[in-house]
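Presented below is the structure to which this report refers.
The values are calculated or read from the model by the stated rules, or taken from the named source; none is laboratory data. All of these numbers come straight from a predicted model, not from anything done at the bench. As a convention, Cβ positions derive from the backbone with ideal geometry for all residues, glycine included, and neighbour counts pool all protein chains shown.
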Amino acid sequence: MSQPKINDFVIKFANVNGSGSASANQLFAKAILRMGVPVGPRNIFPSNIQGLPTWYEVRVSEAGYLGARGGVDLMVAMNPQTWDKDLLGIEPGGYLFYDSTKALPPSRFREDINVIGVPLTELCNREYSDPRQRQLFRNMVYVGALGALLAIDIAEMEKLIREQFSGKDSLIAPNIQALHLGHAYASEHFECPISLQVRRCDQVGERILTTHGGRLVAGDAVNALEQELLAALDAYHASEPLRPGMPTGTLRGRLPANVPAEVCELAIERLAAAGAIAIAADHVRATGHTVALDPQSEALAGRIVERLASAGLEAPSLRELMRKAG
C-alpha cells in the first residue's frame, strides 16, 4: 500500500442524471462531515436533462481547504458515456471504482492507477426484483462499499439514512440493507481501508450544521438567524407585555421569506437548548419574559377583584365596575 492520505483527498462521482444518485452521493459527503472532517462537495451539471452526464465532486480536507483542487484521487465511474474522460482525470497512483458486473478488456483501463471493481448490478439483481429498486439501491450499495474502502463510520451512514427517510419508514430497512451489502462485499474482497482514509477528528465543530431534513447550513448563518429571532421576540414582548408569548407562526413570519422552514426550526431548537427561549404548544417566549402588571394596573386589578367579591351574586355591569374601581 502506498503512503496513506488521511483526510486529504478528492473523490469524484460520475453518474447519469436521473439515476437517483444525488441523494446517495450527498449522504456519502455528510457521513464524512459527521466524522468531524471538513468537506467541499459540488455538483457539476452540463445539463439537467435526464440521461445526460452529471458529476459530484467531494474534496476531503482536514485543513479546511474546500475549493477545487484539481485532479481526482478516487473516481467512481458509474456512467459509460463519460468513461474515457473520467479515467483521464485520475491522478497517477489514484483509484478507479466501477461496476464490474460486465467484464471490460484491459485496454479500457490505465496501468498507473488502482482498479476496484464491485459487481453492483449483479449484487442488486440478486437481492431485488423490482427494476427501479435495483437502480436506486445500486447507488446505496456503492456508498456502502466506499465506506469500507475509506474507513467511514458505517454507524454515521445508518443514522443519515434514518434521518433522510424519516416519515418513510418502509425505505429505511432496505436502504440500510443495501449499504451493508456493499460494505460487506468490499470488506471481503479488498484490503480495507485503501491508502485514502477518513479518520475522525474535530475540525468541523459548529461551522457547518445539519437540519433534520439533512440540509447543510453554515453555522454563522444560523447564529445570525438566532439573533434575528431573539430581536423579534424582544420587540413582541415590548409591544405585547401581557401576552405569554409570541405565536410560533408569527415568529417565523418575521424572518426573510427565503429562510427554509427546517433552518428556522433548527435555530429555534438551538435557542431552546441554550435556555434563551421557552417553547410552548403554540407560542415562544424569551426566557426572561413574565406577564406582570405595572403598579398602577396592579392596584386597579385589586380594586376590581375587591368590588366583585363584595357584590356577591349581584355582579355589576362593566360600566359600573369601571366607574367604582376608578
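Pull up region 127-150, narrow it to residues that are surrounded by fewer than 18 Cβ atoms within 10 Å (Cβ to Cβ) and in contact (Cβ under 8 Å) with a residue 40 or more places away in the chain, then point me to the one that is nearest to Tyr98 (Cα to Cα).
Gln135
Please work out which one of (1) part of a loop (DSSP other than H, G, I, E, B); (2) closer than 24 Å to Gly64 by Cβ; (3) under 19 Å from the mean Cα position of the chain (by Cα); (4) not aliphatic (A, V, I, L, M) is the condition Gly147 fails and give its number.
The failed condition is (1).
Which of the numbered conditions does Ala155 fail, given that it passes all the others? Conditions: (1) outside any loop (DSSP other than H, G, I, E, B); (2) within 27 Å of the chain's Cα centre (by Cα); (3) surrounded by 15 or more Cβ atoms within 10 Å (Cβ to Cβ).
(3)
Show the residue pairs meeting these rules: Cβ distance below 8 Å; 6+ apart or different chains; first residue within region 290-311 and closer than 17 Å to Arg243 by Cβ; second residue at pLDDT below 80 and assigned to a helix (DSSP H, G or I).
Filtered contacts from region 290-311: Leu293/Ala301.
Output the residues belonging to region 158-173 that are of a type in the set (S, T, N, Q) and part of a helix (DSSP H, G or I).
Scanning region 158-173 gives Gln164, Ser170.
Could you please give the count of residues in region 174-201 that are of a type in the set (Phe, Trp, Tyr) and in a helix (DSSP H, G or I)?
Result for region 174-201: 1.
Restricting to region 65-89, and then to whatever is of a type in the set (A, V, I, L, M) and over 29 Å from the mean Cα position of the chain (by Cα), can you tell me which residue is farthest from Ser107 (Cα to Cα)?
Leu88
Picking from Leu266, Leu242, Leu230, which residue would you name as being outside the structural domain of Pro38 (by TED's automatic domain parsing), exposed (fewer than 13 other Cβ atoms within 10 Å of the Cβ) and either touching a residue at least 24 places away in the same chain (Cβ under 8 Å) or under 24 Å from Tyr142 (Cα atoms) (or both)?
The unique qualifying residue is Leu242.
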